[in-house]
1. Quick one: divide the alpha-carbon radius of gyration of the range 4-63 by 2.2 N^0.38 Å and tell me what you get.
2. Can you give the convex hull volume per residue for the Cα atoms of the range 67-107, as a whole number of Å³?
3. Take the Cα of LEU52, step 7 Å along the line toward its Cβ, and report every residue of the range 151-172 whose backbone nitrogen sits under 19 Å from that point.
4. Based on the alpha-carbon gyration tensor of the range 35-103 and its eigenvalue square roots a ≥ b ≥ c, which shape applies: rounded if a/c is under 1.5, prolate if not and a/b is larger than b/c, or oblate?
5. Report, by chain and number, residues whose modeled amide H sits under 5 Å from the one on ARG112, excluding near sequence neighbours (fewer than 5 apart, same chain).
6. What ranking of LEU240, LEU46 comes out by heavy-atom accessible area, probe 1.4 Å, highest first?
7. Using only alpha carbon positions, build the gyration tensor of the range 210-258, then give the equivalent ellipsoid semi-axes as the square roots of 5 times its eigenvalues, largest first, whole angstrom.
8. Tell me, what is the percent relative contact order of the range 20-83, built from C-alpha pairs under 8 Å that lie six or more residues apart?
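The values are calculated or read from the model by the stated rules, or taken from the named source; none is laboratory data. These figures come from a predicted structure and were not determined experimentally. As a convention, Cβ positions derive from the backbone with ideal geometry for all residues, glycine included, and neighbour counts pool all protein chains shown. For the accessible areas, the whole protein counts, side chains as well, though only heavy atoms, and no ligand, DNA or RNA atoms are used. Shrake-Rupley method; radii C 1.70, N 1.55, O 1.52, S 1.80 Å.
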Amino acid sequence: MSPWLPAAPCTPEGCARHTGAARAPLPAALRLLAGCGLVLLGATCLPLVRLLGAGTRTRLTRRWARTVVRAFGVRVTVRSHAPGPVAGGELVVANHISWLDIPLIASVLPGRTVAKSEIRRWPVLGPLAALGGTLFIDRDRLRALPAAVRAVTDALRSGSRVVVFPEGSTWCGRGGGAFRPAVFQAAIDADATVRPVRIAYRTARHATGPAAGAVAFVGADPLAASLWRVVRAAGLTARLDVLAPIPASREAGRRALARGARAAVLGPGSPAGPLRPPWQATGRTGRPRPSTTEPVAGRRPPAPHGRPPAGTSPTPPYAVPHRPRTAPRGPAPGS
C-alpha cells in the first residue's frame, strides 16, 4: 500500500463499540440476511434497471438504497438546508464513517461513486459496479492522479452527479480528516457545483450526543464483524444533512474549495482527529494516535510513535474512500 495514502487514527478497539441496547442474535441474523439479500437483489436487477428512463431509474435507486439501510436496522432522517437540484454536473462530497454511507447517500442523491480500482476485479460485484457507472481510481499510483481527475471532470461535464469521500479514509464520526483537494480540481475544471453532505449516526440513548460507535468501519475491522455489530445494535439512526451548494467558481483554487466544503460538513472548528470516546480509559490504551492531516507550510508533522517521517516531497494523495492502515508509516501530505 502506498505510504502517500491518507490514514485515520481510528481503530475498531477504540472507536467501534456499541453502548446502547442490543438485539438478540436471532433477530439480528434475520436483519443481516435481509440486508445482504437486498444488496444482491439490487446487483442482479441492475442491468434491467439501466434500460429504464432516467427519472424512473433514479426513483427506484432511491427506494432500494433506503430499503437496504432500513433492512440493516438503521432508521434514516434527511434534512435539506438547500434549494432543489442544481443545473449541470454536481460533485457530492461527504464525511466518511461506514460502508452504510454509500447506500445512505444513494437514498437521497444517487450518482456515480468513485471507488478503488481493485473493486473492478472482484467477482460478480466488480462487473456490476462498472455497469452502474462507478469511476475506478488507481489509488496506489500517483502518476494516475491526473487521469483520475480527468475522468471525474468528464463525468461532471456530461451532467452526471459524482459522489466522493474526500477525507480519503473512514473516521469514527467523533472527528474528521482534511478534505483532499485533488478531486475538487475536477469540479473547477468542469465548472460544476459542489454539494456538501453531512453524515451522522446516533443511538436512541445518545440522540444528540456522541456518535454511534457500532456503525464505524475503521482500521483493520473485518467487514463481517462490522455487519454483525450493526445488526446487533438497536436504535440506530442515520442523519443526512444536505447542505447548500458551493459553486466551484466561487473559491480561489481547489484548496480553498476543499476547506470550504470541509467547514460546511464538519464545521470550521471541528477537530482533525477523533475525540476520546466516553468508555475509553486514560493511560496507554486510551491515548489517541497522532493525526496525519495536511502539513503546515514549511514544517513537517511529527511521525507517529516517534518514528522519523517518511518521504520529503509533498505529493497529492487520492481523494477516494478506502479503509486506512491502523498504524500509518508516515505523514500523508495534501496536494
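1. Working: Rg = 18.3 Å, N = 60, 2.2 N^0.38 = 10.4 Å.
So the Cα radius of gyration is 1.75 times the expected 2.2 N^0.38 Å.
2. Measuring per residue, one finds 97 Å³ for the Cα hull of the range 67-107.
3. So the set is 161.
4. Numbers: a/c = 1.94, a/b = 1.11, b/c = 1.75.
Taking the square roots of the gyration eigenvalues as a ≥ b ≥ c, the range 35-103 is oblate.
5. The answer is ARG161, VAL162, VAL163.
6. Values: LEU240 0, LEU46 45 Å².
The most accessible residue leads, giving LEU46, LEU240.
7. Details: eigenvalues 238, 47, 12 Å².
The equivalent ellipsoid of the range 210-258 has semi-axes of 35, 15, 8 Å.
8. On the way: 22 pairs, mean separation 27.1, N = 64.
Over the range 20-83, the number comes to 42 percent.
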